[in-house]
Structures are given as C-alpha cells and as structure tokens.
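Novice: The structure's right below; bear with me while I get my questions together.
The values are calculated or read from the model by the stated rules, or taken from the named source; none is laboratory data. Worth saying up front: this structure is predicted, and the values here are computed from it rather than measured. Ideal geometry is used to build each Cβ from the backbone, glycine not excepted, and the neighbour counts take in all protein chains shown. Ligands, DNA and RNA are excluded from the accessible area calculation, which covers all protein heavy atoms including side chains. Shrake-Rupley method; radii C 1.70, N 1.55, O 1.52, S 1.80 Å.
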Amino acid sequence: MEPGAPLRRPTAPLLALRGIFKRFGAVQALADVDLEVRAGQVVALVGDNGAGKSTLIKVIAGVDPADEGVVEWDGHPVQVTRPHEAQNLGIATVYQDLALCDNLDVVGNLFLGREIHRFGVLDEVEMERLTLDLLDTLAIRLPDVRLPVASLSGGQRQTVAISRSLLGAPRLVLLDEPTAALGIEQTAQVLDLVEQLRERGLGVLLISHNMGDVKAVADWIAVLRLGRNNGFFDVTTTSHEQIISSITGATDNAVTRRASHGWEA
C-alpha cells in the first residue's frame, strides 16, 4: 500500500449475530454463537446432527427467537421475534420441506398468499408474466409454468421454492439443505441458482451436509459443534480435512481467519 493510501475497511455485514443463546427446557441448543453474512456472499453453515444449525436458522427467521444475544441488520440492533419481522427486514427462508402445494401449478405456488387481483378477480395473465420474467432472470428453465409442481423433479421443485422466496425482494436468503436427496444434475441446477443469488448481490446462508456442494458455492464456512462456534473458514484457503476436523471436534475452538469481528469479503 502506498504511503497515505486510505485503509481498506471491510463492508458492514448485512446480518450479524452476537452472543446468541437458545434453550429448550433443559437443553442448551445454542450458546454464545456469533455469525456474519455480507451482501453478495454465500456462507455455509455446517455441523453434525444436533449441532444447532436448524435452530440458528429459526432464530434468524423469527420462528424461535433467541433467549439472549443481539441480532444486527445493516449494523443496527433489531428485534426479530416473529417471522413477519424477519420478512419485513428482507430475510427469506426456504425450509427443507419446501412447503409447496403439489396440486397447484408453478404460478399458483409462487403467488400463493400474495395473489394479484384485477377488478376483483385473479389476474392470471399478470402473475404468469411475472413468473416467466423472474424465472428468466434467474436462468431457470421449466417445461411449463402451468404444470402442477407434483409433476416436477426434485431439483425443479427446489428452484420453484427459492424463486418464490425472491418475490418479496429479499436481501438475505436462508436455505436449509437445498440439495438434500437430489441427483447430480438436479444438484447442479440448484447450486447454479445459489450462484445467481450471489451475483444479484444477495446474502445467502446455506445449511448443507454435502462438503462438495459447500466447497463449490460458499465463500465462507461457519462450523457449529454442540451449539457453539467451532471455526470460521475461508473456502479458498482451507482444506477439506480442516473443516471435517472442526465438525467432528478433532479441532476444538478452531482458529478463525477473520478481521476483527468481521470476515473480509
């Protein structure tokens, strides 16, 4: 750096969790958890079964609010105690069960609960137009948006669920095991969509057990073990073995590679 050149400051995180605790009766599900996600960044949240990943997603989504700790949005503390509060901030969540209606077509699923009306009746033409525009923007190819989603493949159904989450123009998308039980081609389709979200400048928090998927699309990996942080890793400089060691506990309290309270984008 040349003398007198301004110091590069990391951009403020879109979402920051500070000291999050969550208890269910006698079970301490999360203890002193920190996490950050920036715009245009994919952070993979990994850990063994029971590590607290889904609980943390529900804390962020307002389904199960934290007992203690601070949630920051754009650098400001916020209260997220209900799902609609998370949605109003710009947080969209796609759960593993997708919550699609098999008997409805793609258009009907995308606009379920937010239907467009014209002169008191459903404006099917406009909803179909917006659906086609959205899918085209995301480079998603479906055989027919008027087919019931029950007739679509697992990968196609997952892309429909993710696309639906984007109708509210979110800034952060939470994906819970989006490639679980998918074949190779279908998985590639979903991972391509995750990359599209990053290119659009959205923050993405991705839960996955598949390290191949994680290494393919994530910028950072956050490891949870027994409800606590056990490492934050830069995907480009961390080996597969290091991450697995952190997940299994072979390396406890793994050294983080982040600048003071924030990962560099």
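Novice: Would the stretch 56-157 count as rounded, prolate or oblate if I go by the C-alpha gyration tensor, calling it rounded below 1.5 in a/c and otherwise prolate when a/b exceeds b/c, oblate otherwise? Numbers along the way, then the final one.
Specialist: Details: a/c = 2.40, a/b = 1.87, b/c = 1.28.
Judged from the Cα gyration tensor, the stretch 56-157 comes out prolate (a/c at least 1.5, a/b above b/c).
Novice: What trypsin sites (Lys or Arg not before Pro) in the stretch 152-257 are in a loop by DSSP, with at most 15 other Cβ atoms within 10 Å of the Cβ? Present the calculation step by step, with values, prior to reporting the outcome.
Specialist: Working: sites: Arg157, Arg164, Arg171, Arg198, Arg200, Lys215, Arg225, Arg228, Arg257; in loops: Arg171, Arg200, Arg257.
Hits after loop and neighbour filter: Arg200, Arg257.
Novice: A further question follows. State whether the stretch 37-102 is rounded, prolate or oblate according to the following rule on the C-alpha gyration tensor (a ≥ b ≥ c being the square roots of its eigenvalues): a/c under 1.5 gives rounded; otherwise a/b larger than b/c gives prolate, and the remaining case gives oblate.
Specialist: Working: a/c = 1.38, a/b = 1.21, b/c = 1.14.
Note, shape of the stretch 37-102 comes out rounded.
Novice: Right, another one. Among all the lysines, which ones have a C-alpha under 20 Å from Lys22's C-alpha, if same-chain residues fewer than 8 places away are not counted?
Specialist: Correct list for Lys22: Lys53, Lys58.
Novice: Compactness ratio of the chain: Cα Rg over 2.2 N^0.38 Å, N = residue count?
Specialist: Here the answer is 1.06, to two decimals.
Novice: Taking the stretch 1-129 on its own, what percent of its Cα-Cα pair distances exceed 17 Å?
Specialist: Roughly 69 percent, rounded to a whole number.
Novice: I would also like to ask the following. What FRET efficiency comes out for the pair Glu68/Leu130, r = Cβ-Cβ distance, R0 = 41 Å, nearest 0.05? Could the numbers behind the result be given before it?
Specialist: Numbers: r = 41 Å, r/R0 = 1.01.
It comes to 0.50.
Novice: Distance between the C-alpha centers of the stretch 185-211 and the stretch 110-128? Whole Å please.
Specialist: If we compute the Cα centre of each part, the gap is 29 Å.
Novice: On average, how much accessible surface per residue is there in the chain, in Å², for a 1.4 Å probe, leaving out ligands, DNA and RNA?
Specialist: On a per-residue basis, 49 Å².
Novice: Which order do Glu68, Glu126, Glu177 take by accessible area at a 1.4 Å probe, largest first?
Specialist: Glu68, Glu126, Glu177
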